[in-house]
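Asks: Have a look at this one.
The values are calculated or read from the model by the stated rules, or taken from the named source; none is laboratory data. Bear in mind that the values here come from a model prediction, so they are computed numbers and not experimental data. In this analysis, Cβ positions are derived from the backbone assuming ideal geometry, glycine residues included, and neighbour counts consider all displayed protein chains.
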């Protein structure tokens, strides 16, 4: 296996791992919603699952930012006359 094949195999394995992690997250979230609707679990468990899901989303956004996005807090636009317009906001 040459270095390009190895690199492609690594990239594919990394993507597969991220996809698996996210698919597992959806399954756990749906199961939690169903159990909460049937009052089979308490609020503390729901909150724990919420934190776990947010952690998985954060990890995916760091491992594959092009696919799962980033927390970009600035947008730059240029008007037809070339004037630059910037919009910034604070995340609370």
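Asks: Which of the residues that make up the range 1-12 are loosely packed, with under 10 Cβ neighbours inside 10 Å and in a helix (DSSP H, G or I)?
Replies: Within the range 1-12, 3, 4, 5 meet the criteria.
Asks: Can you name the condition, by its number, that residue 18 falls short on among (1) surrounded by 10 or more Cβ atoms within 10 Å (Cβ to Cβ); (2) without any contact (Cβ under 8 Å) to a residue 40 or more places away in the chain?
Replies: The number of the failed condition is (2).
Asks: Now a separate question. When the range 34-44 is examined, which residues are found to be assigned to a helix (DSSP H, G or I) and either exposed (fewer than 12 other Cβ atoms within 10 Å of the Cβ) or at positive phi (or both)?
Replies: Passing the criteria: 34, 37, 43, 44.
Asks: Mind counting the residues in the range 33-53 that are closer than 23 Å to residue 68 by Cα and either touching a strand residue (DSSP E or B) at 6+ places or on another chain (Cβ under 9 Å) or in contact (Cβ under 8 Å) with a residue 12 or more places away in the chain (or both)?
Replies: Number satisfying all stated conditions: 3.
Asks: Here's another thing I want to ask about it. So which residues in the range 55-68 are part of a helix (DSSP H, G or I) and either modelled with pLDDT under 90 or surrounded by 14 or more Cβ atoms within 10 Å (Cβ to Cβ) (or both)?
Replies: Selection gives 56, 57, 58, 59, 60, 61, 62, 63, 65, 66, 67, 68.
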